[in-house]
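Report on the following structure.
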Amino acid sequence: MLRIVLPSLFVVTISGCAAVDYIQPNSYTSYQPLENTQQYLTLFGQGTVYYRCASDNEGTFYKFENIKVDLFNRSHELIAELSGAQQRITHRDGSSIKGLKPLKSGKTEASQKENSLPDVLFRTIPSPAVKQGVFTDAKYVTRSYTVGGLPKKLCKRNEIGKKINVPFKAKYIFWK
């Protein structure tokens, strides 16, 4: 059985660049806020999730260590970066979101589901004394149409301590 430990199971974020042109902006997602909010930005991410093979009294598993995602607009311009266990998002205008807290998750809406992280609706953790900009009013972020991000093989006892990098892609919708 493949067992993976993620700090909040949804810490990892994934996305795609040119490979995700099939995703329409403002397309439907099951992972949207229930309160009165509006989509104001859709970005396409491509990144890597970093794991380390570890063990405990239940056996071996891949433990999440970090994530790095580049977020692009439809013109393939790098707009923002997502990184770290808290999933800090920094826009090129200097505004940022301190982190993301998962609220709702489920299987990816992408057609390729094998070894894919779940799609997630996150509440934003605002940055204190943040520079005014695109992310200033962000209340929620949806990671949807996630492809990849989970290890394809089991972690074995003779691999304890070994690091692996798993690519992924996803669509990120920002809500205010």
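Step by step: first the residues of segment 58-77, then only those that are under 17 Å from residue 96 (Cβ atoms) and of a type in the set (D, E, K, R), then the one that is surrounded by the most Cβ atoms within 10 Å (Cβ to Cβ). Which residue is that?
Selected residue: 70.
For segment 140-162, what are the residues that are touching a strand residue (DSSP E or B) at 6+ places or on another chain (Cβ under 7 Å), assigned to a loop (DSSP other than H, G, I, E, B) and exposed (fewer than 15 other Cβ atoms within 10 Å of the Cβ)?
Matches in segment 140-162: 156, 160, 161, 162.
Only one of these conditions is not met by residue 134: (1) assigned to a strand (DSSP E or B); (2) within 23 Å of residue 33 (Cα to Cα); (3) of a type outside the set (S, T, N, Q); (4) open to solvent by 30 Å² or more (accessible area, probe 1.4 Å). Which number is it?
Answer for residue 134: the failing condition is (1).
Can you list residue pairs whose Cβ atoms sit under 6 Å apart, with the first residue in segment 81-94 being farther than 15 Å from residue 172 by Cβ and the second being of a type in the set (Val, Ile, Thr) and in a loop (DSSP other than H, G, I, E, B)? Count only pairs 6 or more apart in sequence or on different chains.
Qualifying pairs under 6 Å: 85/11; 93/134.
Failed condition for residue 108, given (1) more than 18 Å from residue 33 (Cα to Cα); (2) touching a strand residue (DSSP E or B) at 6+ places or on another chain (Cβ under 6 Å); (3) outside any strand (DSSP E or B), with all others met?
(1)
Restricting to segment 79-95, name every residue that is open to solvent by 10 Å² or more (accessible area, probe 1.4 Å) and either closer than 19 Å to residue 131 by Cα or modelled with pLDDT under 95 (or both).
Result: 79, 81, 83, 85, 86, 88, 90, 91, 92, 93, 94.
Among the numbered criteria (1) at pLDDT 95 or above; (2) within 22 Å of residue 68 (Cβ to Cβ); (3) out of contact with any Pro (no Cβ under 9 Å at 6 or more places or on another chain), which single criterion is violated by residue 160?
So the condition that residue 160 fails would be (2).
Condition check: in contact with a Pro (Cβ under 9 Å, 6 or more places away or on another chain) and in a strand (DSSP E or B). Does residue 55 satisfy that?
Against the criterion (in contact with a Pro (Cβ under 9 Å, 6 or more places away or on another chain) and in a strand (DSSP E or B)), residue 55 does not qualify.
For segment 35-51, state whether one or more residues are part of a loop (DSSP other than H, G, I, E, B), within 21 Å of residue 145 (Cα to Cα) and either in contact with a helix residue (DSSP H, G or I) (Cβ under 9 Å, 6 or more places away or on another chain) or modelled with pLDDT under 95 (or both).
Yes, because at least one residue in segment 35-51 is part of a loop (DSSP other than H, G, I, E, B), within 21 Å of residue 145 (Cα to Cα) and either in contact with a helix residue (DSSP H, G or I) (Cβ under 9 Å, 6 or more places away or on another chain) or modelled with pLDDT under 95 (or both).
Could you figure out which of (1) modelled with pLDDT of 95 or more; (2) assigned to a loop (DSSP other than H, G, I, E, B); (3) hydroxyl-bearing (Ser, Thr, Tyr) isn't true of residue 124?
Of the numbered conditions (1) modelled with pLDDT of 95 or more; (2) assigned to a loop (DSSP other than H, G, I, E, B); (3) hydroxyl-bearing (Ser, Thr, Tyr), the odd one out for residue 124 is (2).
The values are calculated or read from the model by the stated rules, or taken from the named source; none is laboratory data. Just so we're clear, the structure is a prediction, and the values are computed from it rather than from any experiment. Neighbour counts are summed over all protein chains in view; Cβ atoms, including those assigned to glycine, are modelled from backbone coordinates with ideal geometry. Note: accessible area is taken over every heavy atom of the protein model, side chains too, but ligands, DNA and RNA are not part of it. Shrake-Rupley method; radii C 1.70, N 1.55, O 1.52, S 1.80 Å.
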